[in-house]
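Participant: Below: one structure in C-alpha cells.
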Amino acid sequence: MGIVEKIAEIEAEMARTQKNKATEYHIGLLRAKVSKLRVQLLEPEKTSAKGEGFDVQKRGSARVALIGFPSVGKSTLLSTITRTESATAAYEYTTLTAIPGVLEYEGAEIQLLDLPGIIEGASQGRGRGRQVVSVAKTADLILIMMDATKSEQQRVLLEKELEDVGIRLNKKPPDVILKRKQAGGIVVSKAMGLTLTKIDEKMIRTILAGYKMHNTDVLLREDITVDQFIDVVLGTRKYTPCLYVYNKIDSISMEEMDKLARRPHSIVVSCELRLNLERLKDRIWNEMNLLRVYTRKRGEHPDLEDPVIVRAGGTVEDVCNSIHKSLVEKFSYATVWGKSSKFLQGQKVGINHAISDGDVVTLFMK
C-alpha cells in the first residue's frame, strides 16, 4: 500500500469515528499519523524536482512565490512588474517550470517565481503540484493569486493544498519547547498562569508516544491545539506570510471589489489594465517585514543606491553578515544615524544594537 493510500485509509477511519471524549485521543493519534505520512510523501520531491526547471538559485534580498490555479494572471503579473518575461497565453498550463523574475523596490532586489498552475490534489502528487509546493517552502512570502470573477472556493482549495504540505500561512510558530533526552520519561510543564483548554497532558503524551518520543521535556508557553502540537513535534512546518491577490477587478462591480479589498492580507489588482500594481509592490515589501540599511564609508556620503536588507528586529551583526560573514570577527564598533540612533549626529553602538528602516551605518573594524 502506497503512502497516498495509507493517508486515505486513515482519513476514512477518522471520518467514520464518532467524535466524543472517549475517542478524542485515538483521533489525535490518527491525525499525528497522517501528518507524518504527508511529510514522507513530499520527501522524494527534494531530489526529483532538480533538473526540471524547479531548482532555481535564490538571489536578491528575498524570494516571493506566485501560486494560483491556471490562467489567473501570474505570468502577466511577473512580466508586468519585473524585467523577466514569463510565457503567457489564454490557455491553461502555459508555465511548465519555475520562471524567476526580479522586482526592484527602492534599491532592493526581490526574486519573484512564477510557478506552474497548481491544481486540486497537488499535495497528493497530482500534476506538478508537489514540485510547486516544495519550491514554495523556500519563499519568504507567498502570493496566492486568484481570479476575482470566480468563486471563493479557489482560495479554500489552495490554502488546503499548502496546509497539507506543511506551509502555515500568516501564522506564528507555536510557543512550545521540546527537548529530547536519554531517559526520564515525558515531563510536561507550562508557563506560570497558563490554562490549557485545547489540549491536555494525556493528549500530549499520546502524540509523543505515537512518534516514539518516550523521553521528552515539553514546555508550553501558550494554549495550543492538537494540530499545532503535532506541528511542533514534526519540526518541518514552514510559517510563511501570505498576500492574497485578486486579479481581473475590471470585470467585477465596485461593491464586489470593495468587499475583496477589505479582507485581511488581501489586495485587488488588474494586470491587464495595470491597476493598483504600485500598491501591490508596497504590500509585498511590507508583508515580508524587511528593513533597508545604508552603509557609509568614513568621509563619504551614504550609498543610497545599494541598501543592505535585513529582517525586522535585525541588529548591526545582521548588517555585517549581510555584507560578509567575516566582518563579525573583525568588528570593533559602529556609528548609526537614523531612527535607532539617540542623537542626530549619530550614535556609537555595539554589534547587538537593533537597527531601524532607513538607518545609515558606518562599520569600524579592529
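The values are calculated or read from the model by the stated rules, or taken from the named source; none is laboratory data. Only a predicted model underlies this, so the values are computations on that prediction, with no experimental measurement involved. Cβ placement follows ideal geometry from the backbone for every residue including glycine, while neighbour counts extend to all protein chains displayed.
Participant: Out of the residues in the stretch 225-271 that are within 24 Å of I167 (Cβ to Cβ) and touching a Gly at 6+ places or on another chain (Cβ under 7 Å), state the one that is surrounded by the fewest Cβ atoms within 10 Å (Cβ to Cβ).
Facilitator: Here is the first cut: in the stretch 225-271, the ones within 24 Å of I167 (Cβ to Cβ) are 225-247, 260, 263-269.
Now restrict to residues that are touching a Gly at 6+ places or on another chain (Cβ under 7 Å): 226, 236-238, 247.
Values: V226: 21, T236: 15, R237: 21, K238: 17, N247: 23.
Restricting to residues being within 24 Å of I167 (Cβ to Cβ) and touching a Gly at 6+ places or on another chain (Cβ under 7 Å), the top hit is T236.
Participant: Quick test of your reading of the structure: M1 fulfils all but one of (1) modelled with pLDDT under 85; (2) in a helix (DSSP H, G or I). Name the failing condition by number.
Facilitator: (2)
Participant: I want to confirm something. Restricting to the stretch 134-146 and keeping residues that are in contact with a helix residue (DSSP H, G or I) (Cβ under 6 Å, 6 or more places away or on another chain) and either in a loop (DSSP other than H, G, I, E, B) or modelled with pLDDT under 90 (or both), which single residue is surrounded by the fewest Cβ atoms within 10 Å (Cβ to Cβ)?
Facilitator: S134
Here's the yes/no breakdown for (1) at pLDDT 85 or above; (2) buried (at least 20 other Cβ atoms within 10 Å of the Cβ); (3) of a type in the set (K, R):
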| residue | (1), (2), (3) |
| --- | --- |
| P70 | no, no, no |
| T80 | yes, no, no |
| Y93 | no, no, no |
| L103 | yes, yes, no |
| I110 | yes, yes, no |
| L113 | yes, yes, no |
| G117 | no, yes, no |
| R128 | no, yes, yes |
| Q131 | no, yes, no |
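Participant: Here is a further query. Using the structure shown, decide if D223 is acidic (D, E) and outside any loop (DSSP other than H, G, I, E, B).
Facilitator: Values: acidic (D, E): yes; outside any loop (DSSP other than H, G, I, E, B): no.
Answer is no for this residue.
Participant: Then there is this: Of these, L275, L291, L304, which one is in contact with a strand residue (DSSP E or B) (Cβ under 9 Å, 6 or more places away or on another chain), without any contact (Cβ under 8 Å) to a residue 40 or more places away in the chain and not hydroxyl-bearing (S, T, Y)?
Facilitator: Values: L291 fails: without any contact (Cβ under 8 Å) to a residue 40 or more places away in the chain; L304 fails: without any contact (Cβ under 8 Å) to a residue 40 or more places away in the chain.
Going through L275, L291, L304 in turn, the sole match is L275.
Participant: Among V218, V187, which is the only one that is over 21 Å from S35 (Cβ atoms) and out of contact with any Ser or Thr (no Cβ under 6 Å at 6 or more places or on another chain)? Working first, answer last.
Facilitator: Numbers: V218 fails: over 21 Å from S35 (Cβ atoms).
So the residue among V218, V187 that is over 21 Å from S35 (Cβ atoms) and out of contact with any Ser or Thr (no Cβ under 6 Å at 6 or more places or on another chain) is V187.
Participant: To continue, here is another question. Hey, among T206, T149, T197, which residue is within 25 Å of L113 (Cα to Cα) and either among the polar types (S, T, N, Q) or outside any helix (DSSP H, G or I) (or both)?
Facilitator: Numbers: T206 fails: within 25 Å of L113 (Cα to Cα); T197 fails: within 25 Å of L113 (Cα to Cα).
So the residue among T206, T149, T197 that is within 25 Å of L113 (Cα to Cα) and either among the polar types (S, T, N, Q) or outside any helix (DSSP H, G or I) (or both) is T149.
Participant: Counting only residues that are free of Cβ contacts under 8 Å to residues at least 12 places away in the same chain and touching a Ser or Thr at 6+ places or on another chain (Cβ under 7 Å), how many does the stretch 154-184 have?
Facilitator: Residues that pass the stated criteria total 0.
Participant: Under the condition of being touching a helix residue (DSSP H, G or I) at 6+ places or on another chain (Cβ under 6 Å) and in a loop (DSSP other than H, G, I, E, B), which residue from the stretch 314-366 is farthest from V293 (Cα to Cα)?
Facilitator: K366
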